[in-house]
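Have a look at the structure below, then the notes.
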Amino acid sequence: MSDILLQVKGLQVAYGGIQAVKGIDFEVREGELVSLIGSNGAGKTTTMKAVTGTLPLAGGEIFYLGESIRGQGAWNLVKKGLAMVPEGRGVFTRMTIVENLQMGAHIRRDKAGIAADEEKVFTIFPRLKERRDQLAGTLSGGEQQMLAMGRALMSRPKVLLLDEPSMGLAPIMVDKIFEVVREVHAQGVTILLVEQNASRALQIADRGYVMESGLISMSGEGREMLADPRVRAAYLGE
Ligand code: ATP
């Protein structure tokens, strides 16, 4: 039996006549943390959106748990365990923190399990617990990112897709976010992480892929890639 949870083959995605993703292959295995890095406009977010069913495919296939998910809507995929934290977070600002977390569990009916997971999320993010009845709109950017991650975890995902979680955050919050991504992974959640912060993303990754102009130009183990002079020159400012 294969332990590949997500397999992308020859993926192409276009906006009108413009190809943003030009035929890429990658995979995410059970228990892995895989980072997809690359500069602004390389096609990372577009790839994420195709995987989560929010953008149609212009070519190729995406397999999740061995089954093609082409044409399946985002809602269906969440039910099957593919949860995404989008760029820009998208928390419900007029709802409290607890209400946001409950929204993440709306596909579930197991009350006891939901309550247990809520406690688990609060253990990972004690800051959210302190503010559980506060409106999400009053949180800082970093706290909202944590809430968005917590909300996604409430659906008990098999694969968690994170799109640029460190974007726009103060350096101290960036540290904290990478720490919690590492912790969530350590607890057994499989993660696909899209990041412009290549150094941090590769430090915590089992494996990484570099995207450039709609194609994957390099791939390898996280640590190997961190040491690769080509990666260092292009993405780590050396
Ligand atoms: P970022 O870090 O800015 O999110 P990215 O690697 O995720 O960068 P994408 O956002 O996927 O890159 O963009 C890939 C290409 O597709 C870019 O050339 C971008 O200009 C183009 N693009 C993205 N969104 C649209 C859109 N809605 N309509 C047309 N072109 C788009």
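The values are calculated or read from the model by the stated rules, or taken from the named source; none is laboratory data. These numbers were taken from a predicted model, which means no experiment stands behind them. So basically every Cβ, Gly included, is an ideal-geometry build from the backbone, and we count neighbours across all protein chains shown. For the accessible areas, the whole protein counts, side chains as well, though only heavy atoms, and no ligand, DNA or RNA atoms are used. Shrake-Rupley method; radii C 1.70, N 1.55, O 1.52, S 1.80 Å.
List the chymotrypsin sites (Phe, Trp or Tyr not before Pro) within the stretch 52-102 that fall in a DSSP loop (any state other than H, G, I, E or B) and whose Cβ has at most 16 other Cβ atoms within 10 Å. Sparse-neighbourhood loop chymotrypsin sites (Phe, Trp or Tyr not before Pro): PHE92.
Residues in the stretch 11-28 carry Karplus couplings, in order, of 5, 10, 9, 10, 10, x, x, 9, 7, 8, 10, 10, x, 10, 10, 7, 9, 10 Hz; the curve used is 6.51 cos²θ - 1.76 cosθ + 1.60 with θ = phi - 60°, and Gly or Pro positions show x.
Does the stretch 136-199 come out rounded, prolate or oblate, given a ≥ b ≥ c as the square roots of the eigenvalues of its C-alpha gyration tensor, rounded meaning a/c under 1.5 and, failing that, prolate meaning a/b above b/c? Oblate, because a/c is 1.5 or more while a/b does not exceed b/c.
Across the stretch 39-130, the relative contact order, built from alpha-carbon pairs under 8 Å that are at least six residues apart, equals 17 percent. Counting only protein heavy atoms and a probe of 1.4 Å, the accessible surface of the stretch 142-238 is 48% carbon and sulfur.
Distant-in-sequence amide contacts of ALA20, defined by a placed amide H-H separation under 5 Å and a gap of 5 or more residues or a different chain, comprise VAL13, ALA14, TYR15. Taking R0 as 41 Å, what's the FRET efficiency between ALA112 and ARG29 from their Cβ-Cβ distance, rounded to 0.05? With R0 = 41 Å, the Cβ-Cβ based efficiency is 0.85.
Applying the Karplus relation 6.51 cos²θ - 1.76 cosθ + 1.60 with θ = phi - 60° to the stretch 185-197 yields 3J(HN,Hα) values of 5, 4, 7, x, 8, 6, 10, 10, 10, 9, 8, 8, 7 Hz, where x marks Gly and Pro. P(r) for the chain, from all Cα pairs and a bin width of 5 Å, is 1, 7, 14, 18, 20, 17, 12, 7, 3, 0, 0 %, short bins first.
In percent, rounded to a whole number, the relative contact order of the chain is 27, using alpha-carbon pairs under 8 Å and six or more apart.
Entry comment: accessible area of the stretch 83-238 is 47 Å² per residue, from protein heavy atoms only and a probe of 1.4 Å. Tell me, what % of the accessible area of the stretch 1-77 is carbon and sulfur with a 1.4 angstrom probe? Of the solvent-accessible surface of the stretch 1-77, carbon and sulfur hold 50 percent.
In this structure, GLU224 and ASP175 have a Cβ-Cβ separation that, at R0 = 25 Å, corresponds to a calculated FRET efficiency of about 0.60.
Computed from Cα atoms, the angle from the helix 141-153 axis to the main principal axis of the chain rounds to 90 degrees. Amide H contacts of MET211: ILE37, GLY38, SER217, each under 5 Å away and 5 or more positions distant or on a separate chain (H built 1.01 Å from N in the peptide plane; Pro and chain starts excluded). Beyond a 26 Å Cα-Cα separation, which of these cross-linked pairs lie in this structure: LYS80/LYS111; LYS9/LYS49; LYS44/LYS129; LYS9/LYS79; LYS49/LYS79; LYS9/LYS176? Flagged as over cut-off: LYS44/LYS129; LYS9/LYS176. Computed from Cα positions, the angle between helix 111-124 and the longest principal axis of the chain comes to roughly 70 degrees.
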